[in-house]
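The values are calculated or read from the model by the stated rules, or taken from the named source; none is laboratory data. All values reported here derive from a predicted model rather than from experimental measurement. All Cβ positions, even for glycine, are placed from backbone atoms using ideal geometry, and neighbour counts span all protein chains on display. Surface accessibility is based on the protein's heavy atoms, side chains included, excluding ligands, DNA and RNA. Shrake-Rupley method; radii C 1.70, N 1.55, O 1.52, S 1.80 Å.
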Amino acid sequence: MGESKRKMGFEPIMEEWVFRFDCSGNDKSAAYPSISFTNPKVRDTPLLMVQSVVPAYIPTFECADGQQIISIELPTGTSLYGTGEVSGQLERTGKRVFTWNTDAWGYGPGTTSLYQSHPWVLAVLPNGEALGVLADTTQRCEIDLRKESTIKIKALAHHPVITFGPLASPTAVLQTLSRAIGTVFMPPKWSLGYHQCRYSYLSDARVLEVARTFREKKIPCDVIWMDIDYMDGFRCFTFDKERFSQPKTLVNDLHNNGFKAIWMLDPGIKHEEGYFAYDSGSANDVWVQKADGQPFVGGVWPGPCVFPDYTQEKTRLWWGNLVKDFAANGVDGIWNDMNEPAVFDTVTKTMPESNIHRGDAEVGGHQNHLHYHNVYGMLMARSTFEGMKLANEKKRPFVLTRAGFIGSQRYAATWTGDNLSTWEHLHMSVTMVLQLGLSGQPLSGPDIGGFGGDATPKLFGRWMGVGAMFPFCRGHSEKGTVDHEPWSFGKECEEVCRLALLRRYRLIHHIYTLFYFSHTKGIPVATPIFFADPKDPKLRSIENSFLLGKLLVHASTFRDQGSDALPHVLPKGIWLSFDFDDSHPDLPTLYLQGGSIIPVGLPVQHVDEANATDDLSLIVALDQHGKAEGVLYEDEGDGYEFSEGGYLLTYYAAELQSSVVTVKVSKTEGSWTRPKRRLHVQLLLGRNAMVDAFGMDGEVLQIKMPSDVEISKLISTSQEQYKNRIECAEQIPDVEEVSESKGVELSKTPVELKSDDWALKILPWIGGRMISMQHLPSGTQWLHNMVEEVDGYEEYSAVEYRSAGCSEKYTVIERTVGLAGEEEESRSLEGDIGGGLVLERQISIPKTDPKVIRIDSGIITRNIGAGSGGFSRMVCLRVHPVFTLLHPTEVYVSFVSINGSKHELWPGADEQFFEGDMRPNGEWILFDKHLGIGLVNRFNLGEVAKCMVHWGTGTVNLELWSEERPVSKESPLKIFHQYEVRTIS
């Protein structure tokens, strides 16, 4: 039974305006140690000096079924952000997230659990102040933001909630959060360049060929990555004896050409005696155990694998020493993948929650996997980071992790996982990077161009234009796709990629400076543009622009519209546009905020060594008072000398007086000697116009301001030059597939149907596949994967898997059908499956019953005759939806058979068929106990001869089969069925 809502008890911790809330004293005593806090004792120690301070917002709680349900009511007009690595919209109101690290290949905007867990919400109040809310629990957590201006968090009991603020700005809240959970590790400067990756470059020869091509084409790149195929049979810490036989030689060749090398390590260690990693791990007793105390064995890439228990210090030390030895091969960085942990051929996609971790007391002690699941990847990244430090204490480790938890930024960068080569994923990549930054992880980026599927030239070029401005910049694609290197999409796309990456390298001083302040003060690197004016509500949901410090990046994520053609929404104040004489519709537009100075340059090794210099440029944008200031951070680019004063932090100032702009160094920090270099100052006048001046860095430089007439001429000339560059730019060809068949044009844009309850997306160009079936009131995405290649809702024409119908292009006929005096929105699709046969489907959401999705499908004969081959076929209409399991251990299928028997089918069971009187009596339900809802599938019993349930990895198929019969000219095979979501008491 539940309890009525009560206010939580609170006490100040850490510093003023940081509060810890617990439901009761007993709950406080029962709470597990914090893994998110850098120092767990800080969370557990009251701050006595501010005991009289009372929090502005006190959460209420209720307990039910062992769950702790917390609510925080905020003023109307509050905007909600954060929630970590999530897809979908930037402003999170209306969304619900489940923190459960999940291998989510091909996720979409409605996916509720991805690879990382950040039980954190950043609330921006109507007055521009901000409040941060952290549910400090490693357990599965539901963050429900569907009610406006309300934060609701549901998780297992006995965890505290920490609030930060309200403080004057979102930046102030994130700085305070960073003092609790730690700041990002200081990245080596090379890691901020461009990274090239592929699953996989299959030999050292191919790696060197890719590296050589970058240099020949003068496309900037710093890092080449090795995916799992470099290993000997996917065994970690080994190298394939034929294709990567001399890793040290490979790395030396890369280093000699200015590249670093990063190699992948997964947590799954092949269960094989004689394999040194397995033998040493077994000798040290480091494996995660089953409930019976035996090592857990699960399938991953090498086959049967055991998994290190990183919750123990001895395991982290064992792993760290393996990393240390591995790094001796010249490894510059390590990529931790599959560390949710992912396990193949299991419904949950991971190891059983009953598995045992023998954790040290400081992280929570002896617990089951349910407790440690969300921090497994973070602890692996920590172990890898520490191993890299063991290997060379004079170098900064670089680790990339797929799975993580709030606080992972202390050890690793991250990327947004296995995305897709679609415009939708390009758009989401902006919001996902921003949300990670708003959740304490500033070093992130997507797989540029998309991991799954084939990018088009237009999509890849646009994505590189945007991605070159992200904090972490890497291109990556999977097996079976076309090549995704920058030169792989034609000369126009190659040129756009070159320009985009040259931009990044010109701004690398600025980006590196931002990371120094992120590392030392917790200031985020990339932020939404409302950070420039948190009080302006118009800025809070803008998703195609973001800030890098005082630099605003405005990018288009729409296929048919370049950045130059989009209306630009700018914060209040002076914002001056500029470029590097590289304007192109597929490159973002750059603005500098008035009152700002940013440093730019161009490293020698990446472009043209004969003509490159060590000059430093400053771009100056004066404010309304004729002043500007900026800062440049410099050090060796690696190592830890900076932590002992071995750096140079230069504060520049500019001021206009009597028609002269004086630029000078106003302050410096650090013991590093200023390089002797020429200083190039570019004074922005507006609309890309600027005045150039030259001097020596460190000396006072004066620039005579042009007259108003001269400024007007400069701006006019600059605008004309900009217009000419845009008009003369070689456009990337748009080779999206388009069909001229009847009905609606067939393009790479999904067909959509929507009601108050449902939002559906159908891909006509490949099997008429429905890829999204989102129930809006519950925020639940029922279909598995937002992907062109597999899953979703399909239909086949025979009993074999992937028979005709699943891959043919469909014609879409858009029409409105009358129904009992009312109208319903519907889409009719048909696909020619050969032999005179057509698969047809009508999907509709009736306005008389908008809670229901109706699907009417059939195999009809058309042009059957002698020689068509149609009469010789046996056909069976097979409805094949693949539903995703949000909570695999709490989901089951329920129905009553025709004969009255009751059935509950749970994950893990074998594939089951139900025929005759064992068929569901016209209805079966997929229940999610955690959500308290079920997806009801009703069907015409006279048309369905057989029903089938198949549990997959995090999925379930609920199939409907017609009878199987020879083709004839008579009536078609048909199945009519519908879906509805029902609340469970």
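Worth a mention:
- Residue check, V936 in contact with a His (Cβ under 6 Å, 6 or more places away or on another chain) and within 21 Å of Q774 (Cβ to Cβ): no
- Within segment 913-941, residues that are outside the structural domain of D144 (by the TED database) and assigned to a strand (DSSP E or B) reach partners that are open to solvent by 20 Å² or more (accessible area, probe 1.4 Å) and among the polar types (S, T, N, Q) with beta carbons closer than 6 Å, at six or more positions or on different chains, in the pairs I925/S894; F927/S894; I933/T983; R938/Q978.
- If the condition is being part of a strand (DSSP E or B) and farther than 22 Å from E964 by Cβ, then segment 883-898 contributes F883, T884, V891, Y892, V893, S894, F895, V896.
- Among the residues making up segment 512-563, a single one is open to solvent by 30 Å² or more (accessible area, probe 1.4 Å), among the β-branched types (V, I, T) and touching a Phe, Trp or Tyr at 6+ places or on another chain (Cβ under 7 Å): I523.
- Residues in segment 954-971 that are surrounded by 19 or more Cβ atoms within 10 Å (Cβ to Cβ) and part of a loop (DSSP other than H, G, I, E, B): G954, S962, V967.
- Of the criteria (1) over 24 Å from P524 (Cβ atoms); (2) open to solvent by 20 Å² or more (accessible area, probe 1.4 Å); (3) among the polar types (S, T, N, Q), which one S71 fails: (2)
- Taken over segment 657-681, residues that are buried (at least 18 other Cβ atoms within 10 Å of the Cβ) and more than 30 Å from P397 (Cα to Cα) amount to 5.
- Yes/no for T384 being open to solvent by 10 Å² or more (accessible area, probe 1.4 Å) and not assigned by the TED database to the domain that holds V133: no
- For segment 47-61, filtered to residues that are at pLDDT below 95 and outside any loop (DSSP other than H, G, I, E, B), the residue that is surrounded by the most Cβ atoms within 10 Å (Cβ to Cβ) is V50.
Yes/no per residue for (1) open to solvent by less than 20 Å² (accessible area, probe 1.4 Å); (2) at pLDDT below 95; (3) out of contact with any Phe, Trp or Tyr (no Cβ under 7 Å at 6 or more places or on another chain); (4) not in a loop (DSSP other than H, G, I, E, B):
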site: G281; (1), (2), (3), (4): yes, no, no, yes
site: A291; (1), (2), (3), (4): no, no, yes, no
site: T311; (1), (2), (3), (4): yes, no, no, no
site: T315; (1), (2), (3), (4): yes, no, yes, yes
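- Every pair of residues 6+ apart whose Cβ atoms lie under 8 Å, when the first sits in segment 16-40 and is within 25 Å of A168 (Cα to Cα) and not assigned by the TED database to the domain that holds L174 while the second is of a type in the set (A, V, I, L, M) and open to solvent by 40 Å² or more (accessible area, probe 1.4 Å): none
- When N937 is tested against (1) open to solvent by 20 Å² or more (accessible area, probe 1.4 Å); (2) among the polar types (S, T, N, Q); (3) in contact with a Phe, Trp or Tyr (Cβ under 8 Å, 6 or more places away or on another chain), only condition (1) is not met.
- All positions within segment 275-333 that are over 22 Å from I356 (Cα atoms) and charged (D, E, K, R): K324, D325, D332
- Looking only at segment 899-912, and only at residues there that are acidic (D, E) and part of a loop (DSSP other than H, G, I, E, B), the one that is modelled with the lowest pLDDT: D910
- Number of residues in segment 419-468 that are in a loop (DSSP other than H, G, I, E, B) and either farther than 18 Å from P119 by Cα or aromatic (F, W, Y) (or both) equals 13.
- Among residues that are closer than 23 Å to W225 by Cβ and surrounded by fewer than 19 Cβ atoms within 10 Å (Cβ to Cβ), K394 is not included.
- Condition met for D360 (modelled with pLDDT of 95 or more and over 28 Å from G106 (Cα atoms)): yes
- Residue in segment 334-357 that is surrounded by 24 or more Cβ atoms within 10 Å (Cβ to Cβ), under 23 Å from R43 (Cα atoms), in the same structural domain as T315 (by the TED database) and out of contact with any Leu (no Cβ under 6 Å at 6 or more places or on another chain) present: no
- Restricted to strands (runs of 3 or more DSSP E) entirely inside segment 159-270, those with at least 1 residues that are of a type outside the set (F, W, Y) and under 24 Å from G449 (Cα atoms) are 194-196, 223-226, 260-265.
- Residue ID - most open to solvent (accessible area, probe 1.4 Å), chosen from residues in segment 321-333 that are in contact with a Leu (Cβ under 8 Å, 6 or more places away or on another chain) and under 21 Å from E272 (Cα atoms): N321
- Any hit, segment 738-753, residues being in contact with a strand residue (DSSP E or B) (Cβ under 9 Å, 6 or more places away or on another chain), modelled with pLDDT of 80 or more and open to solvent by 20 Å² or more (accessible area, probe 1.4 Å): yes
- Lone unmet requirement of (1) more than 27 Å from the chain's Cα centre (by Cα); (2) surrounded by fewer than 22 Cβ atoms within 10 Å (Cβ to Cβ) for F185: (1)
- Enumeration of residues in segment 568-595 that are under 21 Å from L426 (Cα atoms) and in a loop (DSSP other than H, G, I, E, B): H568, V569, S583, H584, P585, D586, L587, P588
- Of the residues D65, D136, D44, the single one that is modelled with pLDDT under 95, acidic (D, E), outside the structural domain of N419 (by the TED database) and open to solvent by 10 Å² or more (accessible area, probe 1.4 Å) is D65.
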